[in-house]
Amino acid sequence: MKFRRNVVALLLAVMLMIAPVTGVFAEESTKSDDIVILYTNDVHTYIDKPISYDDIAGYKTELKDAYNDVLLVDAGDHIQGTAYGSMDKGETIIKLMNAAGYDLATLGNHEFDYGQDGRIKVTDDWASFPYVSANFYNEDADKTPVLDPYKIFDFGGKKVAIIGITTPESFTKSTPAYFQDEDGNYIYGIAGGTDGAALYAAVQEAIDAVKDEVDYVIALGHLGDDPASQPWTSEETIANTAGLDAFIDGHSHSTVEGKAVKDKEGNDVWLTQTGEYFGAIGKMIIDAETGAITTELIGYEDIYEDIVYDEKGNFKSGTPLYSDETVKAIEDAWIDTIDGLLGAKVGHTDLTFDNYDGTVRLVRKQETNTGAFAADALYYLFDNMDMDVDFAIMNGGGVRNKAITGDISYKTCKDIHTFGNVACLQTITGQQLIDALEWGARGTTEEEIGGFLHVSGVRYDIVVNVESTVQADDKGVWTGAPTGEYRVRNVEVYNKEKGKYEMIDPAAKYNLAGYNYTLRDLGDGFAMFDGAVNVLDYVMEDYMVLANYVKGFEDGEIKATNSPLNAKYEGFGVDYSAVNYVGRIEHVLAESYIVGPETVEVEAEAGNAAKVTVPVELIEYAGSEIAEIFFAAGDPEAEAPAVDWTEVDPENPVIEFEVEFDEEGKKEWIIVIEYSLGNEGEDGEPLYESLIIPFNITVTKANPPTGDNAIPAMAFAMAACAAAIVIERKRRAA
């Protein structure tokens, strides 16, 4: 009887155990078999944004209630960017990614910012998820891969291979020194090639190795679509390979919800990228029935309810829908720790220091007041130490902040300089500086170049319509001066004794202030400083250099022109009033932009029409910010013609106007194209730049025949743009 009771009890227990399991199976059977891949890119440690790792963790958990298979991946650049990453070299960020449930990641260029030892800690020690890269290899005889090229995920019979791809720009956008041994020999490589062929071959090899084993092949790349990254962009890689189904991208900080790009066999590959700084979470769905791939970007409205925006349309507050408490606790504790360490106020400004125009990083292609401020901080550091410093340079890629105003703390300075580079002083030649400026100015006005150089104690021009022919190796490192003309002209250096700027002497010796990244470690490919003599090395970390400069202002109050450098050196020329124009770097046009002479044949009667063609390049140079275009008289005797400029077609800017031909002679006029710089001066008035095109019309009257067979008299007018364009700006007028 006892035995029977035990058997019955055992059966009841088994039934009770089975019941909930059966319930689970019933619930799982209602889940979708579609495959979901969540993705992020270029987070850059911005864990204090409205969307962060706690939201991603909770959202992934929510999706797992509706889908059988949910992956979370990252396309690189996640351990560097703010003090939240740099203060412990990314360890807490990886801890957050582990807690959030990341399944896979690839290496961005900034995963190398703490050296190979730092990269190894991330990929081999800290991360509980794998890293993949098909084109990152050891420089040995077999070029053995450092990481697995891909990882295969099995989703209930459907297999997905995800191939990692790392940008070859990592050599110069971190620093080549991190890929070398102590003797300067490369011990690590990233397949790229000057024509992109090596990159495409590495990706194709990975595709071919796995395509027969899986149903889908997806690239997880850190390549981007920025023209400055050519020939290593994602679209070029797709176009030169075959076998990919989709490409999750990063690096260019582009917002691409989804677009079809043709591969080399004419098949569509679905390309996507989330933007930057946790602005959105990417969501890719592979349809279980059709195999179709779709993507969407999950934004604030999907992660929060009851959202409140400020008057500028920025997220202010809201109720999170999915936040994971465990991940949130790690985030909050780390934010409190860093803010406590770096939160002390060092100064204040009512100005706005910025580097952006929307999503465009202006600091990488033209001067900004933050870039100038950072260069001035280096100059001030050594000058205030009574060191003989002649000028300073600051690479645009090292200036990371968006708009800053109000109180300035150490953390604010850390948001500007996130890398932890250290100030150095070197003796170089004038020619080395010219070559450095030329290398930084190699991009077009549309390209973002991290090596674009902001300066202190220097002024220079960039001739934008002279093609850059500066020489580089297959890793993007400078190897020699341009084979053609220099784009950089009129380099002037401030003479402290004379209190004015003078033309640089290429053969003379000067002392240059900068950071080890640029001067010592080949960062951004700056290799022209080989042979420079170190005066003082590793003086102060970058964000402390900024804080030191802020403290140099009276009461720490930064105004447009109250720099201690202005106070000490007459005519030094510090003016931070405009975000995107400081007056040290001028983009100018060469003679080849001038169209003319153009002969215009007109009847010799008052009121007849002539026409002048304004070069289309001038309209393009001014862009969409044209405020006004007008004629002005070149001499008191010539009345400038009236033209309705709203009728001028920028793509075919032919200007027709009425001109008086009462007598022979020359009529001298100028065309002024005035366009907005997009900001205001210290007085609140908009700042404008003017392109001035001198031209004239020479009128020669013919002696008209008489009699019945007389024909109308003819005159010939020559409308010619002069052989130079004068760009008038505040600096040149000073």
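At-a-glance table
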read-out	value
Region 202-338 shape via C-alpha gyration tensor axes, a/c threshold 1.5	prolate
Candidate lysines for bridging to residue 500, where Cα separation is under 24 Å - those fewer than 8 sequence places away on the same chain excluded	509, 559, 568, 730
At most 13 other Cβ within 10 Å, DSSP loop - chymotrypsin sites (Phe, Trp or Tyr not before Pro), region 435-542	538
Loop-located trypsin sites (Lys or Arg not before Pro) in region 452-540 whose Cβ has at most 12 other Cβ within 10 Å (DSSP)	498
Approximate spin-label separation residue 467-residue 562, in nm, with each point projected 7 Å along Cα-to-Cβ	5.1 nm
Vicinal HN-Hα couplings computed from phi for region 436-449 (Karplus, 6.51 cos²θ - 1.76 cosθ + 1.60; Hz; Gly/Pro x)	5, 5, 4, 5, x, 9, 6, x, 7, 5, 9, 8, 9, 10
Per residue accessible area of region 490-536, 1.4 Å probe, in Å²	46 Å²
Semi-axes of the equivalent ellipsoid for region 331-485, Cα gyration tensor, largest first, Å	31, 19, 15
Whole-number accessible area per residue in Å² for region 335-472, which is evaluated in the context of all protein chains at 1.4 Å	29 Å²
Nearest-20 debye value, region 428-577 charge dipole, Cβ charges on Lys, Arg, Asp, Glu	480 debye
Percent carbon-and-sulfur accessible area, region 95-196, ignoring ligands, DNA and RNA, probe 1.4 Å	41 percent
Cα→Cβ-extended label distance, 7 Å offset, between residue 337 and residue 496, nm	4.2 nm
3J(HN,Hα) from dihedral phi, region 182-189, Karplus parametrisation 6.51/-1.76/1.60, rounded to Hz, x for glycine, proline	5, 8, x, 8, 6, 10, 10, x
Where region 177-269 is the region considered: accessible area per residue in Å², 1.4 Å probe	41 Å²
Prolate/oblate/rounded call for region 344-406, Cα gyration tensor, a/c under 1.5 rounded	oblate
Sparsely packed GluC sites (Glu not before Pro) within region 119-199, loop by DSSP, other Cβ within 10 Å at most 13	182
Links that overshoot a 18 Å alpha carbon limit, given the list 31/158; 95/151; 173/365; 312/402	95/151
Computed over region 158-237, Cα set: Rg, Dmax in Å	14.4, 48
Charge dipole (region 135-235, unit charges on Cβ, about Cα centre) - positive-most of 200, 184, 164	164
Amide H contacts of residue 351 (H built 1.01 Å from N, under 5 Å, at least 5 apart or other chain)	406
Within the accessible area of region 259-366 (1.4 Å probe), percent carbon and sulfur	46 percent
Amide H contacts under 5 Å for residue 69, placed H, 5+ residues apart	36
Charge context of residue 510, other residues only, Cβ under 10 angstrom, K/R +1, D/E -1	-2
Using θ = phi - 60° and Karplus 6.51 cos²θ - 1.76 cosθ + 1.60, couplings along region 313-329 (whole Hz; Gly, Pro as x)	x, 8, 4, 10, 7, x, 9, x, 8, 10, 3, 8, 5, 5, 5, 4, 5
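The values are calculated or read from the model by the stated rules, or taken from the named source; none is laboratory data. Since this is a predicted model, take the numbers as computed values, not measurements. So basically every Cβ, Gly included, is an ideal-geometry build from the backbone, and we count neighbours across all protein chains shown. For accessibility, only protein heavy atoms count, side chains too; no ligands or nucleic acids. Shrake-Rupley method; radii C 1.70, N 1.55, O 1.52, S 1.80 Å.
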